[in-house]
Each structure stands twice: as C-alpha cells, then as structure tokens.
1. Among (1) at pLDDT 85 or above; (2) touching a Ser or Thr at 6+ places or on another chain (Cβ under 9 Å), there is one condition L18 misses while meeting the rest; what is its number?
2. Quick one: is D208 of a type in the set (D, E), modelled with pLDDT under 85 and within 22 Å of L112 (Cβ to Cβ)?
3. Consider region 166-180. How many of its residues are open to solvent by less than 30 Å² (accessible area, probe 1.4 Å) and either in contact with a strand residue (DSSP E or B) (Cβ under 6 Å, 6 or more places away or on another chain) or farther than 15 Å from L22 by Cα (or both)?
4. Return a yes/no flag: does region 123-141 have any residue that is open to solvent by less than 20 Å² (accessible area, probe 1.4 Å), touching a Gly at 6+ places or on another chain (Cβ under 9 Å) and modelled with pLDDT under 95.
5. If you check A63 against the conditions, is it at pLDDT 90 or above and either surrounded by 15 or more Cβ atoms within 10 Å (Cβ to Cβ) or in contact with a Leu (Cβ under 6 Å, 6 or more places away or on another chain) (or both)?
6. For residues that are touching a residue at least 24 places away in the same chain (Cβ under 8 Å) and open to solvent by 30 Å² or more (accessible area, probe 1.4 Å), scanning just region 74-97, find the one that is farthest from S138 (Cα to Cα).
7. In this structure, does F151 turn out to be among the aromatic types (F, W, Y), at pLDDT below 85 and open to solvent by 10 Å² or more (accessible area, probe 1.4 Å)?
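The values are calculated or read from the model by the stated rules, or taken from the named source; none is laboratory data. Since we're looking at a predicted model, the values are computed, not measured. Don't worry about glycine lacking a Cβ; one is built from the backbone with ideal geometry, like all the others, and counts go over all protein chains shown. The accessibility values were calculated without ligands, DNA or RNA, using every heavy atom of the protein model including side chains. Shrake-Rupley method; radii C 1.70, N 1.55, O 1.52, S 1.80 Å.
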Amino acid sequence: MPRGVRIAAGLCLMLSTLTGFLACSEASVMMNFEAHREAQREHTPTIALLGKDPAVTQAIMEAQLSALSPMRESRALVLTGLTVACTLLFFASSRMLRSPDGVPRDGFRQLLGGAGIFAALMRTIDGAQWTVVARHTSQAMVEGLKNLPEFQDPATAQQLYALVPSLMTLSAVLPTVLVAGGFALLAQYFRSEGVRDAIVTLDGPTEDP
C-alpha cells in the first residue's frame, strides 16, 4: 500500500479514536444532564486563577450549565452522530491498514470519504455550540477576575473585558478548525482519483460473477 495512504489511514485512526471517545463521553453527559448538573453543584472544583472564593467558581459553572441546558437534546444528537462517524472511521482506517486477505480495500476507502465528511460536519456543529457556551461562560469569568487585586487598575480591567471573551472563543474555535478541517482533508484525500486508482490497483482485478 502506498506510504501516503498508510500515513493518512494512521492519522485518521488516531483522530477518530480521540474525537470519538470525547464525543461519546460528552453525549453521555448530555443524556444525563440533570444528574450531571447536580453532581457539578455538589462537587464544584476551585480554579486557582480566580482565587479561592468558591462563589466565583460556582458562578462560572452555573453560567456554563445555563448555556448548555437549552441545547442539551440537540447537542446529544450531534455528539451521538459524531461518535457514530468516528466509529466508522476507526473501523475503516484500521481495515485499510490491515485488511484481511482477499477483502478489497476500495470499500473502506469509500467509507473513509463519506464518514469523514459527516464527521467534519458534526464536529463543526459541535464547535459552534461550544462557542456559544464559551462566550456565555466568559462573562462570568470576567466578573470573577475583575475582583482580584491585579485587575483593579481601569486600564488593566479594560484589557480584561476584551481579552477573556476572545480567548474563550478562540479556545472553542481553534480545536474545531483543526479537528473538523482534519476530517475534511482526510475525506477529500481518500476521495481523490489518485488514491482511488492506487487502491483499485492494489485490490487487483475483480472476478465476474
């Protein structure tokens, strides 16, 4: 099998494994949202950056939960779709790397192309939803930070108001671009004519029934 195809299949295997595991875990949380909310309220962790006041951390957590609550059903659906797509990608990429003797790889190539596009779409929607949550949460984080001594200066406070929302948004957008873009690029690679020809040649002639 061509070296480029092996590398692409290996990258797809790793990306789908990590993304699928995270998506499955969060989908489970969304499906049991009320239980998750209660658990978070009972065991709220402290954030060292925001000092030791548990009320600040509580406010940030409540802001995040408040933003997630209206979208929990749609988010569970999106994350489930992403989990399914990643499962298909994991299966197809592993078979592409180690296909049983006599089993054509072209079917796995087609699956990688189709499931990769679907995974990119689901991850993009997932990222858009999380961006909304991040922006909502950033307001509570600003409120917590502005009470710290180092942010009492008006100029520093003004920078805080501009920087925190931008960083929170970037923390949601950047992973989305990298992961969704990675899935899309891998899908287009496996859908390309060059890869198709290479895999068809590798499979050899098919027997007529």
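1. Going through the list (1) at pLDDT 85 or above; (2) touching a Ser or Thr at 6+ places or on another chain (Cβ under 9 Å), L18 breaks only (2).
2. Here the answer is no, as D208 does not meet what is asked.
3. Selection size over region 166-180: 1.
4. no
5. Judged against the criteria, A63 is not a match.
6. L97
7. So F151 fits the description; yes.
Conditions tested, residue by residue: (1) part of a helix (DSSP H, G or I); (2) among the hydrophobic types (A, V, I, L, M, F, W, C).
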site: L77; (1), (2): yes, yes
site: S99; (1), (2): no, no
site: D126; (1), (2): yes, no
site: H136; (1), (2): yes, no
site: Q158; (1), (2): yes, no
site: V164; (1), (2): yes, yes
site: T176; (1), (2): yes, no
